[in-house]
1. If you place +1 on the Cβ of every Lys and Arg and -1 on the Cβ of every Asp and Glu, how big does the dipole about the Cα centre of the stretch 1-44 come out, in debye to the nearest 20?
2. For the chain, set up a GNM with springs between Cα atoms under 10 Å and report which of ILE132, ILE201, ILE185 has the largest fluctuation.
3. Apply the Karplus curve 6.51 cos²θ - 1.76 cosθ + 1.60, θ = phi - 60°, to the phi angles in the stretch 19-36 and return the couplings in whole Hz, x for Gly and Pro.
4. Share of Cα-Cα pairs in the stretch 159-338 beyond 30 Å, in percent?
5. Starting from the Cα coordinates of the chain, work out the convex hull volume and express it per residue in Å³.
6. Which of LYS92/LYS152; LYS126/LYS316; LYS197/LYS316 have a Cα-Cα distance over 26 Å?
7. Please list the equivalent ellipsoid semi-axes of the stretch 228-281, computed as the square roots of five times the alpha-carbon gyration tensor eigenvalues, in descending order and whole angstrom.
8. Please compute, over every Cα-Cα pair in the stretch 237-362, the percentage with a separation greater than 19 angstrom.
Amino acid sequence: MKVVITGGGTGGHLSVAKAFLEESSKKGLECIFIGSDKGQDRIYFENNPNFTQKYFLQTCGVVNQKGINKIKSLWHQLRAFYEALGILKKEKIAFVFSVGGYSAAPAAFAAIFLKIPLMIHEQNAKIGRLNILLKPYAKLFFSSYLDTSPTKFYPINQAFFQTARIRDRILNILFMGGSQGARAINNFALSVAEDVKDRGIKIYHQCGERDFERVYKEYQLLQLKLMVFEDGDNLEGDFDVCLFRFSQQMPEIFRICDFAVSRAGASSLWELCANGLPSLFIPYPYAANNHQYFNAKFLENQNLGFLCEEKDLFDKVLWDILGYLEDNRISQISKELQQQCSSNATENILQIILKNIMRDER
């Protein structure tokens with residue numbers, strides 16, 4: 001059986017695509033990728049051997065474009081749509097699995113045009129504009145936030161389950177702004193670092209490549225014991241701050257930490273949940289449709305996460321939360337976060353899709 005996985009642009013979309021690819025390959029499905037020559041699609045998948053074919057079409061986002069640039073973007077999307085039509089006809093595809101993002105549009109619309117079953121996974125609590133258009137035509141629509149979803153569990157890398165634990169006290173705090181870092185979270189970490197040390201708590205700080213030199217110098221001025229971490233180094237030792245740009249060892253860093261201050265991209269949010277790591281979420285204020293705010297709000301409404309907008313981020317917010325957690329609440333939240341996730345999520349999604357396909361073929 002041949003399937004198309006489409007979509008991407010950002011790590012959040014692509015991490016779901018990668019999880020679905022790995023599960024599909026285990027089940028013997030032949031997987032083809034249709035994405036964009038922009039964004040991170042090539043970085044993730046150009047050299048991935050599990051795809052039998054990879055197509056990177058010339059597309060870019062439409063929503064944030066204006067004037068002539070919007071017209072150009074629409075033209076690229078239309079041209080890519082015709083390319084995707086040809087690919088789907090040639091390859092005889094059983095179904096198309098879309099993870100959203102602008103690079104999903106050509107193959108998703110081509111699937112609808114050719115009456116090939118379209119399966120969509122929406123990562124965010126606020127449905128993206130493309131998926132709002134596509135949802136009525138989708139055979140199945142998966143979301144961790146909708147009660148109508150066939151399953152609500154989010155596809156997560158198994159490593160975050162393997163390093164999960166229930167927290168009972170706060171000895172290590174993680175400040176994490178995503179792969180590129182977040183200047184607001186970096187500044188917040190610097191502003192509270194001395195007080196965090198005085199409370200006997202260590203800092204693990206993922207600051208991103210672009211802001212590393214500035215953050216490094218600021219910590220030096222604070223005269224804190226600073227360890228610069230690179231993958232493969234020992235994560236534990238005699239330091240006040242463990243600073244790193246980004247790391248492939250995030251599951252192990254999660255294991256060490258007892259609380260996180262993080263952006264609220266969908267993949268990061270659910271990885272923190274799977275690991276049982278209580279978190280304060282600072283949504284990126286310029287995310288499309290403010291979707292990070294709604295992701296974090298979903299957990300806050302269940303009393304399983306803390307939400308603070310960037311404009312309201314002051315040290316008292318952190319101290320109030322730590323005081324609340326230390327009052328015997330942290331273990332319960334840590335346990336309940338893990339219950340929001342399943343290590344079999346991707347397998348369950350694929351099983352639901354295959355059952356649906358086989359039922360229709362009878």
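1. Using Cβ point charges on Lys, Arg, Asp and Glu, the stretch 1-44 gives about 40 debye.
2. ILE132
3. Per residue, the Karplus-derived 3J(HN,Hα) values read 4, 5, 4, 5, 5, 5, 5, 4, 8, x, 7, 8, 10, 10, 10, 10, x, 10 Hz.
4. 9
5. Residue-normalised Cα hull volume stands at 138 Å³.
6. In this structure, LYS92/LYS152; LYS126/LYS316 exceed 26 Å between Cα atoms.
7. After scaling each eigenvalue by five and taking roots: 20, 12, 10 Å.
8. The proportion of pairs with Cα distances above 19 Å equals 57 percent.
Every number in this text was worked out from the coordinates using simple rules, so none of it is lab data. Treat the numbers as computed from the prediction; the structure is a model and nothing was measured. For neighbour counting, all protein chains shown are included, and Cβ atoms are generated from backbone atoms with ideal geometry for every residue, glycine included.
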